[in-house]
Amino acid sequence: MSRTITAYWLGRMAYDRAHALQEKLLEARIKGDVGDVVLLLEHDPVITLGRGAKKDNVIATTSERRERGVALVETARGGDVTFHGPGQLVCYPIINLCPDRCDVRKYVHDLATIMIGLARDHGVCAGVIPGSQKHIGVWVDESDPAQWDSERALAASAGEPNGMRLAKIGAIGVRLSRWITMHGFAFNVATDLEGFGLIVPCGIRQLGVTSLKALGQRVPTLGELAKQAHSHFARVFDADVREGCMEYLQDKFGL
């Protein structure tokens, strides 16, 4: 194993609180005070805007958001607009990509590979749309979730009517500082998909959003899925993944 990753399951947490913890861990990782860390959690309902977000991709008015208890936060991650809420596994790796993984595209692909593995664990074939910078993330074919064809998906994403119904099951948005990562991915397990109706997800109007539950799969608890993610991180990052103790984060970082 080339590295050790400590993974923490945080349960449900407000976005601002989780972001503050990420910032503290990033600073500590840069200084070498902590090793590589992965935070796994679910958020209270929130719309987040990435660096490339267009504000008109938030459809809901301020009053509509308040009625539904949905916060709005601008972030420094890449990407456009997305929605987080209960039933969605959110993953924030604080990982030093030096010296052998200093490639942003590879890192984004690695995060996609982890979500593809999680989907396969639960009977869904998912994949990426090759060569598309607009359609970053993990997708499924709603018309046949047991199959995935990358070439057909690329054609379908360009508007070719070939029978595929593309829907995103996993979103990715990252930020790097001195090759140390922040933000990460969000994988839809039993998410209330109506939340995505408050926005234009990732700025893509033509394609849908889905979840394991919407695809008719048995839905694990997020705690169970978080533990399943450990093996995928271990495989993709050639790492020894260990479960971290919440008391450590509470004592050292005031979680």
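Compute the acute angle (0 to 90°) between the alpha-carbon long axis of helix 104-121 and the principal axis of greatest extent of the alpha-carbon atoms of the chain; round to the nearest 10°.
The angle comes out near 70 degrees.
Arranged from highest to lowest average of other beta-carbon atoms within 10 Å per residue, in what order do the peptides 3-13, 84-94 appear?
Peptide ranking by packing, descending: 84-94, 3-13.
Mind listing the phi-derived Karplus ³J(HN,Hα) values for the stretch 61-77, rounded to whole Hz, using 6.51, -1.76 and 1.60 with θ = phi - 60°, and x for any glycine or proline?
Per-residue couplings from phi come out as 6, 4, 5, 5, 5, 5, 4, 8, x, 10, 7, 10, 9, 8, 10, 9, 6 Hz.
Each residue of the stretch 164-173 in order: what ³J(HN,Hα) in whole Hz does its phi give by Karplus 6.51 cos²θ - 1.76 cosθ + 1.60, θ = phi - 60°, with x for Gly and Pro?
So the J values, rounded to whole Hz, are 7, 10, 6, 9, 7, 10, x, 9, 10, x.
Which value in deg cm²/dmol, rounded to the nearest 500, describes the helix-derived mean residue ellipticity at 222 nm for the chain, given -39,500 (n - 2.57) per DSSP H run of n ≥ 4 and division by the residue count?
-9000 deg cm²/dmol
What whole-number volume per residue, in cubic angstrom, does the convex hull of the C-alpha atoms of the stretch 1-86 give?
110 Å³
Please give every one of the lysines within straight-line cross-link reach of Lys134, meaning a C-alpha to C-alpha distance under 21 Å, and leave out same-chain neighbours fewer than 8 residues apart.
Hits, sequence-local ones excluded: Lys54, Lys55, Lys106, Lys168.
Mind putting a number on the dipole of the stretch 133-255 about its Cα centre? Charges go on the C-beta only, +1 for Lys and Arg and -1 for Asp and Glu, and I need it in Debye to the nearest 20.
Taking the Cα centre of the stretch 133-255 as origin, the dipole is about 300 debye.
With all protein chains present, how much of the accessible area of the chain (probe radius 1.4 Å) comes from carbon and sulfur, to the nearest whole percent?
Here it works out to 47 percent.
Considering amide H positions built from the backbone, and no H for Pro or chain starts, which residues 5 or more places from Asp80, or on another chain, come under 5 Å of its amide H?
Under 5 Å from the amide H of Asp80 lie the amide H atoms of Gly50, each far enough along the sequence or on another chain.
Using 7 Å Cα-to-Cβ label points, what is the Arg205/Asp251 separation (nm, one decimal)?
Each label point lies 7 Å from its Cα, and together they span 5.5 nm.
If you line up the Cα atoms of the stretch 112-255 on their principal axes, what length do they span on each, largest first, in Å?
Result for the stretch 112-255: principal-axis Cα extents of 55, 36, 34 Å.
Just to be sure I understand: of the beta bridges DSSP finds with both ends in the stretch 35-151, what percent are antiparallel, rounded to 5? Spell out each step's value before the answer.
Numbers: 10 of 14 bridges.
So the antiparallel bridges amount to about 70 percent of the total.
Roughly how many Å² is the accessible area per residue of the chain, as a whole number, for a 1.4 Å probe?
That works out to 45 Å² per residue.
Quick query: amide H of Ile5 versus all other amide H atoms, modeled in the peptide plane; which residues come in under 5 Å with a sequence gap of 5 or more or a different chain?
Asp240, Val241, Arg242
With all distinct Cα pairs included, what does the Kirkwood hydrodynamic radius of the chain come out to in Å, to one decimal, could you say?
Across the chain, the inverse of the average 1/r is 18.4 Å.
For the stretch 58-156, build the convex hull from the C-alpha positions and give me its volume per residue in Å³. Kindly include the intermediate steps, with their values, before the conclusion.
On the way: hull volume 15.3 nm³, N = 99.
Cα convex hull per residue, to the nearest whole number: 154 Å³.
The values are calculated or read from the model by the stated rules, or taken from the named source; none is laboratory data. The structure presented is a predicted model; accordingly, all values stated were derived computationally and were not measured. Here Cβ is always computed from backbone atoms with ideal geometry, including for glycine, and neighbour counts include all displayed protein chains. Ligands, DNA and RNA are excluded from the accessible area calculation, which covers all protein heavy atoms including side chains. Shrake-Rupley method; radii C 1.70, N 1.55, O 1.52, S 1.80 Å.
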